[in-house]
Amino acid sequence: MAEVNLRQVVKKYDDTLAVRGIDLSIADKEFVVLVGPSGCGKSTTLRMIAGLEEISDGDIAIGGLVVNDVPPKDRDIAMVFQNYALYPHMTVHENMSFGLRLKRVPKAEIDSRVENAARILDITELLQRKPKQLSGGQRQRVAMGRAIVRDPKVFLFDEPLSNLDAKLRVQMRTEIKKVHQKVRTTTVYVTHDQVEAMTLADRVVVMNGGLIEQVGTPNELYHHPKTRFVAGFIGSPAMNFIPCSLDKAADGLVVTIAGGIRFPVPAARTERYKQYAGRGNLRLGLRPEHITEEHRNTEPGQVPFEVTLEVIEPMGMETLVYFQSDGAEVCGRTNPAANAEAGKPMRLLADLNHMHLIDDETGVVY
């Protein structure tokens, strides 16, 4: 078993708290992604798991053993860094086998492990090349192969795709997912890219300011965020946060936004929201895909409204439309055939079945 457990882990640099007493349990063979903006503490957390940073307080356990005082080389982990850190004078085979040779593993076993890892990563034909003869994606595969041959308890990835171009990042995301499906090893992966987090992870850990904001599956974070930060960080384009008021109406509740546009709250959410009626400092959270062009066959909870569009972004398969509401920029996704035009009014449809109500002061999603 190779579960990883963090208990009240703190990292302090002089008077600066980089990680503020986090708790996290990662199950055996689970793929967990730490995601968040620069400076949120995600890489520091990964480096503490690896033993490259000393923890200031708390405990880290790998496979049930507390490793606070265990040096990195004895933690049975393998780390893949942002820069590939390959030896330029060695072949791919020599780079991948270097750690095993240091441990004096028999040559036959080394060759077997390297060939198996090369087959998994589809780099068998590259084994006799040197790093300068490889593309960026191929070098990243070699770095992954060097980790795989060690057969560690835990894989640690520190923003491994940051140096690749956009197209290659997408390809390598797929490759990393394939590798994890073949080599079922506990994996902790750090990235600032929420798309990487959503596509790779069994569970995502969203960090902010040295704290964990929320832990959950990609679907849980996307559809049921607990804070405004998570709601805004997960998803691209980001969730819209529209200033609003919530009031009682004859048949339930109604949300009002700028321009006197009123949205009846779906009956399924009335009980949940009724205690907040009459309160100020509220935001209506709606993802862009829940603001579309008006169409004939509407369902309960879908409400048409009209606004003047400011910006149009044709994306091919869809068109992003932008308008203002009480100083907040709002984005919707429409069909290209809807013929949206900047500066012109357009009838849109808000799907309130997917609405979120957010406290503007605390950031809590009700």
The range 216-240: number of residues that are buried (at least 17 other Cβ atoms within 10 Å of the Cβ), over 16 Å from residue 355 (Cβ atoms) and touching a Lys or Arg at 6+ places or on another chain (Cβ under 7 Å): 1
Positions within the range 306-331 being under 18 Å from residue 356 (Cβ atoms) and part of a strand (DSSP E or B), in sequence order: 325, 328, 329, 330, 331
Some residue of the range 241-263 being outside any strand (DSSP E or B), buried (at least 19 other Cβ atoms within 10 Å of the Cβ), of a type outside the set (Lys, Arg) and within 30 Å of the chain's Cα centre (by Cα): no
Residue match in the range 337-353 (condition: out of contact with any strand residue (DSSP E or B) (no Cβ under 8 Å at 6 or more places or on another chain), exposed (fewer than 12 other Cβ atoms within 10 Å of the Cβ) and among the basic types (Lys, Arg)): no
Scope the range 190-200; condition touching a residue at least 40 places away in the same chain (Cβ under 8 Å), among the polar types (S, T, N, Q) and not in a strand (DSSP E or B); matching residues: 194
Number of positions in the range 189-216 that are out of contact with any Gly (no Cβ under 8 Å at 6 or more places or on another chain), of a type in the set (D, E, K, R) and closer than 15 Å to residue 30 by Cβ: 1
Some residue of the range 90-98 being under 22 Å from residue 161 (Cα atoms), within 32 Å of the chain's Cα centre (by Cα), in the same structural domain as residue 163 (by TED's automatic domain parsing) and polar (S, T, N, Q): yes
Within the range 87-189, helices (runs of 4 or more DSSP H) holding 3 or more residues that are among the hydroxyl-bearing types (Ser, Thr, Tyr) and farther than 28 Å from residue 67 by Cα: none
When residues of the range 141-162 are limited to those that are surrounded by 16 or more Cβ atoms within 10 Å (Cβ to Cβ) and out of contact with any strand residue (DSSP E or B) (no Cβ under 8 Å at 6 or more places or on another chain), the one modelled with the lowest pLDDT: 141
Any hit, the range 233-246, residues being without any contact (Cβ under 8 Å) to a residue 24 or more places away in the chain and within 23 Å of residue 272 (Cα to Cα): no
Top-ranked residue in the range 1-20 [being of a type in the set (A, V, I, L, M, F, W, C) and over 16 Å from residue 208 (Cα atoms); ranked as modelled with the lowest pLDDT]: 1
Some residue of the range 277-296 being modelled with pLDDT under 95, within 24 Å of residue 235 (Cβ to Cβ), surrounded by 12 or more Cβ atoms within 10 Å (Cβ to Cβ) and touching a Lys or Arg at 6+ places or on another chain (Cβ under 6 Å): yes
Strands (runs of 3 or more DSSP E) enclosed by the range 1-59 - at least 2 residues per element that are within 20 Å of the chain's Cα centre (by Cα) and in contact (Cβ under 8 Å) with a residue 60 or more places away in the chain: 16-26, 31-35
Options 193, 202; residue that is in contact with a Ser or Thr (Cβ under 9 Å, 6 or more places away or on another chain) and either surrounded by 18 or more Cβ atoms within 10 Å (Cβ to Cβ) or farther than 22 Å from residue 83 by Cβ (or both): 202
Qualifying residue in the range 340-353 (condition: out of contact with any Leu (no Cβ under 9 Å at 6 or more places or on another chain), in a strand (DSSP E or B) and in contact (Cβ under 8 Å) with a residue 60 or more places away in the chain): no
Unmet criterion (only one of (1) crowded, with 18+ Cβ neighbours inside 10 Å; (2) within 17 Å of residue 264 (Cβ to Cβ); (3) more than 29 Å from the chain's Cα centre (by Cα); (4) not charged (D, E, K, R)) for residue 309: (2)
Matching residues in the range 179-219 - criterion: being modelled with pLDDT of 95 or more, acidic (Asp, Glu) and over 24 Å from residue 2 (Cβ atoms): 213
Residues (within 14 Å of the chain's Cα centre (by Cα) and free of Cβ contacts under 8 Å to residues at least 60 places away in the same chain) located in the range 157-169: 161
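The values are calculated or read from the model by the stated rules, or taken from the named source; none is laboratory data. Keep in mind the model is a prediction, meaning the values are calculated, not measured. Here the Cβ is made from the backbone with ideal geometry for all residues, glycine too, and neighbour counts use every protein chain on show.
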